[in-house]
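One structure is given below, encoded as structure tokens.
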Amino acid sequence: MLPKLLRALPLLAALTFGGPLLAQIEADVGGGEAPTSNFVSPGLESRTPSAEPISPDDVQLFQPYEDQLVGRVSIPNDSLGVLVQPDGRAWRAFRIQWGFWITTGAILVTVAALAALYLLAGRIRIEHGRSGRWVPRFSGFERLVHWTTATSFVVLALTGLVFVFGRYLLIPILGHARFTPLAELSKDLHNWSSLAFVLGILAMLVLWVRDNIPERADIVWLRQMGGMFSKPGTPHPETGRFNAGQKGIFWIVVLGGLVVALSGYVLMTPLALTGIMGMQIAHAIHLLVAVLMIAVIIAHIYLGSLGMEGAFDAMGRGEVDENWAKEHHSGWYEAQVRGRGGRKPRGRSAAPAE
């Protein structure tokens, strides 16, 4: 009995699978077309082209933004649905590479220029020497505002440079374990110092905006470069309380400080005021303007200390030597004398002029 069943298996298989197989072959060949070389249904690539999708890859994902690949999230923060943002690569290159080299170049060029200036012109001396008579220049409150703003800016600059130079300079020296707490401390100091800095530049704007309005005498000062390279005995350009160079520093600090502050607060509140691209733009603006301010302040520190004799007295003690006032701010000095009814200052006990 078993041998007969074994001999019948081929016949049963033919009857079971033969019919459907022949029907499939006829459907594939159809219309008198030549059959394929094998009895396998042709793949998708050999079918007649059609505009209708035939695989999941043919269905295009709807993208509301051309510069982003956005998915769908079920949480309230839609920004987390951004899967890919190609412009982020450009920002990352700027943050890691260009930001580093722009900052390095600006600082090195500024220091090199000041060193060359010192070698060529030396320290700017009081031509007629110190007189021993003092002219009040800044009140105690004005100096408080200046030093508060200056101190907070130095903290902001140093802590900001920790992030700019961290990858290339600090991590190789300190290592990741030591750099991490330094970066965290720098972030906290940077954020909190910004409050004092903003209050300082607003106070500076109120105190000194009237004395920093450009005037015709500033053109003469710029043309003669403040008398820096003039021959001995040549009168310095007449200026008011602030010369053109000081006015330039004032407006760079005030306007640049406001731009840095606004862009910084955008970064301190991630995605609250703008999207990802807006934050990247704010970061680039923050870095570039801050670098400009750092370079300007380095020059300001040099000229207010080592570069010019008697200049530090103005903010150091609030008064300047009479000869310094005559040589560098003759217009302002004459106004101070007129304010005293024509009386010139006598020694350190001279009364402050309002």
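Here, each number is a calculation from the coordinates, and none is a lab measurement. These numbers were taken from a predicted model, which means no experiment stands behind them. Glycine gets a Cβ as well: all are built from the backbone with ideal geometry, and neighbour counts include every protein chain shown.
What are the ³J(HN,Hα) values, in whole Hz, obtained from phi via the Karplus relation 6.51 cos²θ - 1.76 cosθ + 1.60 with θ = phi - 60°, for each residue of segment 102-107 in sequence order, with x given for Gly and Pro?
Using θ = phi - 60°, the values come out as 5, 5, 4, x, 5, 5 Hz.
By counting other Cβ atoms within 10 Å of each Cβ, how are 188, 211 ranked from fewest to most?
Ordered from fewest to most neighbouring Cβ atoms within 10 Å, 188, 211 come out as 188, 211.
Note down the nm distance, to one decimal, between modelled labels 7 Å out along Cα→Cβ at residue 87 and at residue 251.
3.1
Please turn the phi angles of segment 167-181 into ³J(HN,Hα) values with the Karplus equation 6.51 cos²θ - 1.76 cosθ + 1.60 (θ = phi - 60°), one per residue in order, whole Hz, x for glycine and proline.
My calculation for segment 167-181 gives 5, 8, 10, 7, 4, x, 8, 8, x, 5, 5, 7, 6, 4, x Hz in order.
Please arrange 137, 95, 89 by counting, for each residue, the other beta carbons lying within 10 Å of its beta carbon, fewest first. Mind dumping the intermediate values first?
Values: 137 23, 95 18, 89 10.
Neighbour counts put them in this order, fewest first: 89, 95, 137.
How large are Rg and Dmax for segment 110-226 when only the alpha carbon atoms are used, in Å?
In Å, with Rg to one decimal and Dmax whole: 20.3, 57.
Which one, 140, 315, 98, projects farthest toward the positive side of the charge dipole computed for segment 85-341 from Cβ point charges (K/R +1, D/E -1)?
So the residue furthest toward the plus end is 98.
Sorted from fewest to most neighbouring beta carbons within 10 Å, what does the list 141, 94 look like?
Ranked by crowding around the Cβ, least crowded first: 141, 94.
Translational diffusion coefficient, Stokes-Einstein: compute it for segment 85-341 using the Kirkwood radius over C-alpha pairs as Rh, at 20 °C and 1.002 mPa s, and state it as an integer in µm² s⁻¹. Present the calculation step by step, with values, prior to reporting the outcome.
Working: Rh = 20.4 Å.
It diffuses with D of about 105 µm²/s by this estimate.
Normalise the Cα radius of gyration of segment 108-151 by 2.2 N^0.38 Å (N = residues in it) and let me know the number. The partial results should precede the final answer.
Values: Rg = 16.0 Å, N = 44, 2.2 N^0.38 = 9.3 Å.
The value comes to 1.72.
Please get the size of the charge dipole for segment 85-341, origin at its Cα centre, with Cβ charges of +1 on Lys and Arg and -1 on Asp and Glu, quoted in debye to the nearest 20.
Result for segment 85-341 is approximately 220 debye, rounded to the nearest 20.
Check residue 124: other-chain or 5+ apart residues with amide H under 5 Å from its amide H, H built from backbone geometry?
For residue 124, the qualifying residues are 308, 309.
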